[in-house]
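A short worksheet on the structure shown next.
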Ligand SMILES: [Zn+2]
């Protein structure tokens, strides 16, 4: 079971439902604080599809409703392990975080973070993905974005 997303350029994302459910579980447990993690997987270039295969959250999170300490530095070791143990098959694709009591729209900080990630020499993907999940203790709403040409371009969820 997968959740699929597509954007106006025909780029696709495939996220295993199991990983999405795990994300919702973490978000509700951390509510009303923000939380987040990173995605690892690969890109199917022929089908223009990013295939997410694993999700990881840092152990040490500095989390408040308005501030979430960025993830990449905590997770460099784990990313190296995944890259080596998969013989370079799996690599960093992007990250996710929650917007408690908010909307699934990127803040100016989110844009700056993705700009930095795209420029990071340790990150192979030049167009990292961002998943934002809003949550207010009852309902959630999710939206994927791809960082490209200095913008965050949204995806639509496919049924
Ligand atoms: Zn955000």
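The values are calculated or read from the model by the stated rules, or taken from the named source; none is laboratory data. What you see is a predicted model; the values in this text were computed from it and never measured. As a convention, Cβ positions derive from the backbone with ideal geometry for all residues, glycine included, and neighbour counts pool all protein chains shown.
Only one of these is modelled with pLDDT under 90, closer than 22 Å to residue 6 by Cα and touching a helix residue (DSSP H, G or I) at 6+ places or on another chain (Cβ under 9 Å): 126, 142, 95. Name it.
Step by step, each of 126, 142, 95 is checked, and only 126 is modelled with pLDDT under 90, closer than 22 Å to residue 6 by Cα and touching a helix residue (DSSP H, G or I) at 6+ places or on another chain (Cβ under 9 Å).
So which residues in the stretch 1-41 are away from the ligand (no atom under 16 Å from the Cβ) and assigned to a helix (DSSP H, G or I), if there are any at all?
Of everything in the stretch 1-41, those that are away from the ligand (no atom under 16 Å from the Cβ) and assigned to a helix (DSSP H, G or I) turn out to be 17, 18, 19, 20, 21, 22, 24, 25, 28, 29.
Which residues, taken from the stretch 99-119, are surrounded by 15 or more Cβ atoms within 10 Å (Cβ to Cβ), touching a helix residue (DSSP H, G or I) at 6+ places or on another chain (Cβ under 9 Å) and closer than 17 Å to residue 149 by Cα?
106, 113, 117
In the stretch 121-140, how many residues are part of a loop (DSSP other than H, G, I, E, B) and closer than 23 Å to residue 49 by Cβ?
Adding up the residues that qualify gives 6.
Considering the stretch 73-119 alone, what residues qualify as being away from the ligand (no atom under 14 Å from the Cβ), outside any helix (DSSP H, G or I) and touching a strand residue (DSSP E or B) at 6+ places or on another chain (Cβ under 9 Å)?
Of everything in the stretch 73-119, those that are away from the ligand (no atom under 14 Å from the Cβ), outside any helix (DSSP H, G or I) and touching a strand residue (DSSP E or B) at 6+ places or on another chain (Cβ under 9 Å) turn out to be 86, 89, 90, 91, 92, 93.
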